[in-house]
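One structure is given below, encoded as C-alpha cells.
Values quoted throughout were computed directly from the atomic coordinates according to the rules given, and no laboratory measurement underlies them. In this text the structure is predicted, and so the values were computed from the model without any measurement. All Cβ positions, glycine included, derive from the backbone under ideal geometry; neighbour counts span all protein chains shown.
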Amino acid sequence: MLLELSAEEARELKQALDTALLELLTEISHTDQRAYRDLLRERYDKLDHLNRRLEMSLEGSQVYA
C-alpha cells in the first residue's frame, strides 16, 4: 500500500505519533501484567518504526520499506 501525504499532513502525523509513543512509554512503565506490557511494547516498536520512516521521509528521503 502506498499513501501519499502533503508535507503538512506528514508533520501532523509525525506529531501524533510522537505523542502516542510518549503515552505508550508511560503506560508500559506503569503496567504490572507482563502479557499486557509485552503487547504494549510490540505496539510501541511498530509505531516507532513507522515514526522513523516518516521522519526520514520528511527529511527528504523517500522510504518504501
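Rounded to the nearest 500, what is the 222 nm mean residue ellipticity of the chain from helices alone, with -39500 (n - 2.57) per DSSP H run of 4+ residues and division by all residues?
Numbers: 2 runs with 49 residues, N = 65.
For the chain, the value works out to -26500 deg cm²/dmol.
Can you give me the angle between helix 7-30 and the longest principal axis of the chain, using Cα atoms only, in degrees from 0 to 90, rounded to the nearest 10?
So the inclination is approximately 10 degrees.
Are there chymotrypsin sites (Phe, Trp or Tyr not before Pro) in the chain that DSSP puts in a loop and that have at most 15 other Cβ atoms within 10 Å, and which ones? Numbers along the way, then the final one.
Details: sites: Tyr36, Tyr44, Tyr64; in loops: Tyr64.
For chymotrypsin sites (Phe, Trp or Tyr not before Pro) across the chain that sit outside H, G, I, E and B with at most 15 neighbouring Cβ atoms in 10 Å, the list reads Tyr64.
Give the label of the value calculated from the structure for semi-axes √(5λ) of the Cα gyration tensor in Å, choosing from (1) 27, 12, 8; (2) 23, 13, 9; (3) 62, 4, 4.
(1)
Take the chain, mark every one of the GluC sites (Glu not before Pro) that falls in a DSSP loop and has at most 13 other Cβ within 10 Å, then report the longest stretch left between them, sites excluded.
In short, 5-58.
Excluding Asp48 itself, calculate the net charge of residues whose Cβ lies under 15 Å from the Cβ of Asp48, where each Lys or Arg counts +1 and each Asp or Glu counts -1. Could you put the intermediate results ahead of the total?
Values: positive: Lys14, Arg41, Arg43, Lys46, Arg52, Arg53; negative: Asp18, Glu23, Glu27, Glu42, Asp45, Glu55.
Here the charged neighbours net out to 0.
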